[in-house]
Amino acid sequence: MSFRRISSVLSLTLKLNGLSIRNLTNVRSQDIVQNIFRSLPCSGFHSSSYQFGLMEFFDDEKNWGSQEVRVGRSWKKDELRIKSNEDLHKLWFVLLKEKNMLLTMEYACKEENELFPNPERIDKVEESMKNLESVVKERNSAYTLLETGEEPGRPGGYETDPFGQRKYMKYAEHTVPKWMNRYKLEEGKMKHGMAVFKFKKLMKEKSHMEKKRIYNRTRNHIYGLIKRFPNMDIEALEEQYPNHDVRRMMAHKKARSVQRHQEEN
């Protein structure tokens, strides 16, 4: 609520109670505050019961010291899609309060060297919050596409970082345009030195060695499958590993079993 709205409600409340700014000193401040909040349009809205203290950060007392707490499963996306935006908004804060309570209880159990019952409750709450957030993003995306015809979110593009690598970066707002920024223009004209060239060369070598290790690991796995199961379906093996010549690998000595080697000799 804006400051003008609060000021207007305050003046209206004072007029209804027969008061003015000048004689406020003769009235208790508690009565004024109660009358103000009674006249506010949002004074009757409450998401949960009043709790004075820190007990909302702790579990129910009947669960203290128990070895197991019976809980349900996490919320699924299909269940959240049929709910309204208001219900999703309320459910988010319910899950947030539940997560804060579980984290507090977990920390308290660690401090007391006790077993925290059902630690998977935290995973269920986090999964529910993740599904809820994805459903809200789906609705925002559909609304933005319907109104503007464009995907929501910040646009981006591929830029070259100081290490000479091309990376996708989201565009950000700047006070000075790029064509007026002297430092940005000088940075674009600057060429990378030998250190960056050597770094790019080593990164390519590292990427090549990783791909080679993956290829050799998969090839040895295929050798082991052919050696253990000589009568297996070759077409299914070729479909699963299209980057390897399976029929040629069958003639290799690593793919021969002991029985097959004795038959050939």
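Considering only the Cα atoms of the stretch 111-240, their convex hull presents on average a projected area of 19.5 nm².
Summary value for the stretch 122-265: 12 percent relative contact order, contacts being C-alpha pairs under 8 angstrom separated by 6+ residues.
Under 18 Å of direct C-alpha separation, and excluding same-chain neighbours fewer than eight residues apart, LYS204 reaches these lysines: LYS167, LYS212. Based on the Stokes-Einstein relation at 20 °C and a viscosity of 1.002 mPa s, and on the Kirkwood radius from alpha carbon pairs, the stretch 121-190 is assigned a translational diffusion coefficient of 135 µm²/s. Counting charges near ASP78 (Lys, Arg +1; Asp, Glu -1) among other residues having Cβ under 15 Å from its Cβ returns a value of +3.
Defining a contact as two alpha carbons under 8 Å apart and six or more residues distant in sequence, what relative contact order in percent does the stretch 106-204 show? Contact order relative to length: 14 percent.
FYI, it's all coordinate maths here, none of it is from the lab. Keep in mind it's a predicted model, so treat the numbers as computed, not measured. We place every Cβ from the backbone using ideal geometry, glycine too, and count neighbours over all the protein chains shown.
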